[in-house]
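The values are calculated or read from the model by the stated rules, or taken from the named source; none is laboratory data. Predicted model only: the values in this text are computed from it and were never measured. All Cβ positions, glycine included, derive from the backbone under ideal geometry; neighbour counts span all protein chains shown.
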């Protein structure tokens, strides 16, 4: 089930921080793939044959220079892939109900809060993604901010950065994830996330504490109660809410692949004046793969904003092979990074 917003980054130039290549040139690709797949399979509490469950918890968003905002989270899942999710903060409430091919959403206010989107990303990335055949994996060493020494693997699935996944050397649980993006200038953005408090659920294990960091500051957090077996639910529990909008859902992975990308131009005057930064855009991927409702939610200045909007408006998507039966549109946030680093 892909119930969370996908994100696609477009990068002009960038440098992955805090990562030093391992000296060995004889990395065992298959061993790294096995490690990632082991962590992925063991964390899949929605796998075939697993019992239905209820997951409740407290969530928190901390925007720089503002007091933290506390909220509540609920997720209910059945073995038939029916699910319900509720996220509630002061002044914000969102309910989603899905069936594996689409979901229905009621949200107030109507537009998505970017900080809540980062919370969605925290949930979505708490499980190691499935590696593709053409991905290159290599072991790396980190200048680790917490002083620990996990086993870390860089995956080239998201060039030029590459995501970095770190595993506990004893349990092989995925304990950290690094995006490679340096977005400390965007206070609600998550650069890396930490998973802890692992709990056994049948043959699976899940982290009950998730933290997303912006540099060394916790930007979003989810602290779950113990996962519980699904109780008897009211007959109308999964009924479509009044006034709900319909969106695409998929049980097997990401719904969209970027088919046609127009690379943004770095404006000459911005280069000369050494202006750089990240433009964050929000949009809707329509059923035909075109973008609508394209808006700037974080500015890097008028010239860079316009360059990003002009290029991204021409992007086109296509449904992934594993999600061709999904129906409906998808909300997305798009990062366009302008950097003078070589």
Would you check if there is a residue in the range 260-270 being out of contact with any helix residue (DSSP H, G or I) (no Cβ under 9 Å at 6 or more places or on another chain) and surrounded by 13 or more Cβ atoms within 10 Å (Cβ to Cβ)? no
Suppose we filter the range 174-210 for residues that are over 17 Å from residue 128 (Cβ atoms), surrounded by 20 or more Cβ atoms within 10 Å (Cβ to Cβ) and modelled with pLDDT of 95 or more; how many remain? 0
Checklist (1) buried (at least 21 other Cβ atoms within 10 Å of the Cβ); (2) in a strand (DSSP E or B); (3) modelled with pLDDT under 90 applied to residue 128, failing item: (2)
Residue count, the range 285-322 (criterion: over 20 Å from residue 267 (Cα atoms), surrounded by fewer than 16 Cβ atoms within 10 Å (Cβ to Cβ) and touching a residue at least 40 places away in the same chain (Cβ under 8 Å)): 5
With respect to residue 9, is the statement that it is more than 21 Å from the chain's Cα centre (by Cα) and either exposed (fewer than 15 other Cβ atoms within 10 Å of the Cβ) or modelled with pLDDT under 85 (or both) true? no
Which numbered condition in (1) modelled with pLDDT under 95; (2) within 17 Å of residue 336 (Cβ to Cβ) is the only one that residue 250 fails? (2)
What residue, among those in the range 260-275 that are in contact with a strand residue (DSSP E or B) (Cβ under 8 Å, 6 or more places away or on another chain) and touching a residue at least 60 places away in the same chain (Cβ under 8 Å), is nearest to residue 317 (Cα to Cα)? 261
From the residues in the range 70-85 that are surrounded by fewer than 17 Cβ atoms within 10 Å (Cβ to Cβ) and without any contact (Cβ under 8 Å) to a residue 24 or more places away in the chain, which one is nearest to residue 98 (Cα to Cα)? 80
How many residues does the range 167-200 contain that are at negative phi, part of a loop (DSSP other than H, G, I, E, B) and touching a helix residue (DSSP H, G or I) at 6+ places or on another chain (Cβ under 7 Å)? 4
Would you check which residues across the range 244-259 are surrounded by 15 or more Cβ atoms within 10 Å (Cβ to Cβ) and in contact with a strand residue (DSSP E or B) (Cβ under 8 Å, 6 or more places away or on another chain) and list them? 244, 247, 248, 249, 255, 256, 258
